[in-house]
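The values are calculated or read from the model by the stated rules, or taken from the named source; none is laboratory data. All values reported here derive from a predicted model rather than from experimental measurement. Cβ: placed from backbone, ideal geometry, glycine included. Neighbour counts: every protein chain shown. Heavy atoms of the whole protein, side chains included, go into the accessibility calculation; ligands, DNA and RNA do not. Shrake-Rupley method; radii C 1.70, N 1.55, O 1.52, S 1.80 Å.
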Number of protein chains: 2
Amino acid sequence: MKSDKISEAVVRRLPVYLRYLNELHTREVPTVSSQELGQKLDLNPAQIRKDLAYFGDFGRKGIGYDVSYLIEKIRHILKLDQQINVALIGAGNLGHALSNYNAYLQETMKIVAVFDSYTPKVGTQINTLTVQPIDELSETVQSKHIRVGIITVPNTEAQRVADQLIEAGIEAILNFAPIILKTPPHVRVHTADFTTDLLSLAYYLEDGKELETNEQLTE
Amino acid sequence: MKSDKISEAVVRRLPVYLRYLNELHTREVPTVSSQELGQKLDLNPAQIRKDLAYFGDFGRKGIGYDVSYLIEKIRHILKLDQQINVALIGAGNLGHALSNYNAYLQETMKIVAVFDSYTPKVGTQINTLTVQPIDELSETVQSKHIRVGIITVPNTEAQRVADQLIEAGIEAILNFAPIILKTPPHVRVHTADFTTDLLSLAYYLEDGKELETNEQLTE
DNA sequence: TAGATTGTTAATCGATTAACAATC
DNA sequence: TAGATTGTTAATCGATTAACAATC
């Protein structure tokens with residue numbers, strides 16, 4: 001196939017493939033079929049083949065996909081064959097948590113700066129990074145060649161921080177605040193909103209299992 | 001319309017509606033149209049009307065939707081008109097961060113217990129909760145009528161914890177570990193995997209903006 | 001009444017899955 | 001050669017959007 005416009009659904013599956021392929025690589029498994037991948041990742045094998053075929057002929061008929069080769073290809077497609085510097089804005093608990101995830105980010109996306117507007121936080125250490133005041137954002141984005149921003153500030157500040165990031169020339173944003181950011185079309189925004197995930201989960205709970213009002217809770 | 005099987009996409013938008021409706025309610029706005037909602041939430045007004053119409057006729061032609069009434073209805077649909085108790089497994093930074101979000105959870109989903117398998121963490125306080133050893137999970141799930149589990153443990157432990165939660169009779173899981181959990185069909189699992197969000201963001205970065213190898217980084 | 005907006009049908013668009021020839 | 005598995009087309013399925021009669 002090759003080319004066409006690629007849908008977001010396809011792009012979002014690529015990191016999932018990559019993650020499992022890395023695991024296979026560690027286990028020194030040389031090749032993998034779309035069948036096996038599908039089983040492991042709960043996806044239809046035809047869908048996996050189609051996803052990959054958008055970008056090239058990576059497999060071999062009768063054999064499957066070479067694990068190392070496919071890793072290389074997907075990393076290239078996702079632009080993860082270069083280091084991508086990331087800034088974290090918001091040094092609260094969530095920011096702290098995320099700063100530990102560098103290892104999961106294919107070692108190519110990397111949080112290289114942390115900012116907070118709350119004065120007592122400025123100057124403290126998060127892992128190896130020193131929390132900077134937010135007004136150094138623009139300068140640091142330039143000097144450290146930061147292309148992606150992660151917003152972990154309170155709701156009320158999220159839009160303002162987004163504006164500042166865009167002003168500073170950032171290209172993409174991962175937003176953890178449960179609000180809809182207004183951004184220009186050239187800046188890609190993904191929202192990681194766990195409150196939506198959790199609240200929508202409630203819909204699928206079974207009916208008739210609520211607490212009875214007279215039921216006693218052991219504390 | 002009313003009824004039919006409701007797609008996951010529809011269910012996932014309900015909390016988004018709810019969140020903004022609550023904001024309108026706070027601002028004492030009495031009614032809202034699908035047009036206004038769509039503008040604010042970046043959604044097609046027809047889609048919003050259709051989503052709501054799956055569950056009943058909540059609007060008034062020529063007027064729009066009564067904010068308070070719609071809040072009540074959506075809360076009922078999402079089963080958020082009762083308290084839903086939640087357990088958090090994993091008392092690391094991420095667990096810590098999430099335990100502060102109770103306020104965003106419509107005050108009906110509530111984290112009422114925290115567990116960790118790492119002995120030194122057991123007994124420490126997270127907000128008002130004392131971290132419990134993981135082998136108290138089953139008992140506490142029963143006694144506190146916990147229906148939902150949030151997994152914030154390391155990758156390697158996630159599947160085991162999921163199994164324990166299911167064994168304990170939990171009905172739904174929000175999984176933060178970047179792996180695909182294997183679970184029986186009656187247990188609903190949502191995955192909140194920010195690494196996928198972030199890595200897929202890289203795809204949308206502009207080409208030709210990589211760091212030149214000879215470019216100097218100011219530290 | 002005139003203007004606004006719903007609920008719903010029909011049209012469109014897009015994504016997933018099945019099927020199979022090609023070929024390792 | 002026989003078995004396995006890809007890449008791709010066609011079929012299916014599902015979700016979004018447009019349009020409009022009904023009506024507040």
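Out of all the residues in the stretch A:118-164, which are closer than 26 Å to B:Ser200 by Cβ, more than 13 Å from chain B (Cβ to nearest Cβ) and open to solvent by less than 10 Å² (accessible area, probe 1.4 Å)? Listed by number, the residues that qualify are A:Leu137, A:Val161, A:Ala162.
Quick check on A:Ile179: is it at pLDDT below 95, more than 9 Å from every other protein chain (Cβ to nearest Cβ) and open to solvent by less than 60 Å² (accessible area, probe 1.4 Å)?
Numbers: at pLDDT below 95: yes; more than 9 Å from every other protein chain (Cβ to nearest Cβ): no; open to solvent by less than 60 Å² (accessible area, probe 1.4 Å): yes.
No: the conditions fail for A:Ile179.
What number of residues in the stretch A:35-60 are more than 9 Å from DNA strand C (Cβ to nearest atom) and in contact with a Leu (Cβ under 8 Å, 6 or more places away or on another chain)? Break it down into steps so the answer makes sense when it comes.
Initial filter on the stretch A:35-60 (more than 9 Å from DNA strand C (Cβ to nearest atom)): A:35-37, A:39-42, A:52-59.
Subset that is in contact with a Leu (Cβ under 8 Å, 6 or more places away or on another chain): A:37, A:52, A:58-59.
Residues meeting the conditions: 4.
Only residues that are crowded, with 24+ Cβ neighbours inside 10 Å and more than 9 Å from chain B (Cβ to nearest Cβ) were counted in the stretch A:95-110, giving 0.
Residue-by-condition table, conditions (1) in the same structural domain as A:Val148 (by TED's automatic domain parsing); (2) within 18 Å of A:Glu107 (Cβ to Cβ); (3) in contact (Cβ under 8 Å) with a residue 24 or more places away in the chain; (4) acidic (Asp, Glu):
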{"position": "A:Asn22", "(1), (2), (3), (4)": "no, yes, yes, no"}
{"position": "A:Glu28", "(1), (2), (3), (4)": "no, no, no, yes"}
{"position": "A:Leu43", "(1), (2), (3), (4)": "no, no, yes, no"}
{"position": "A:Arg49", "(1), (2), (3), (4)": "no, no, no, no"}
{"position": "A:Ala53", "(1), (2), (3), (4)": "no, no, yes, no"}
{"position": "A:Gly64", "(1), (2), (3), (4)": "no, no, yes, no"}
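Across the stretch A:76-94, a minimum of one residue is classified as at pLDDT 95 or above, within 16 Å of DNA strand D (Cβ to nearest atom) and either open to solvent by 10 Å² or more (accessible area, probe 1.4 Å) or touching a helix residue (DSSP H, G or I) at 6+ places or on another chain (Cβ under 7 Å) (or both). From the list A:Leu80, A:Leu14, the lone residue that is more than 13 Å from DNA strand C (Cβ to nearest atom) and either among the acidic types (Asp, Glu) or on the phi < 0 side of the Ramachandran plot (or both) is A:Leu80.
Residue-level check: of (1) over 22 Å from the mean Cα position of the chain (by Cα); (2) free of Cβ contacts under 8 Å to residues at least 40 places away in the same chain, A:Asp81 misses just (1). If you go through the stretch A:75-95 and pick out every residue that is small (Gly, Ala, Ser) and assigned to a helix (DSSP H, G or I), you end up with 1.
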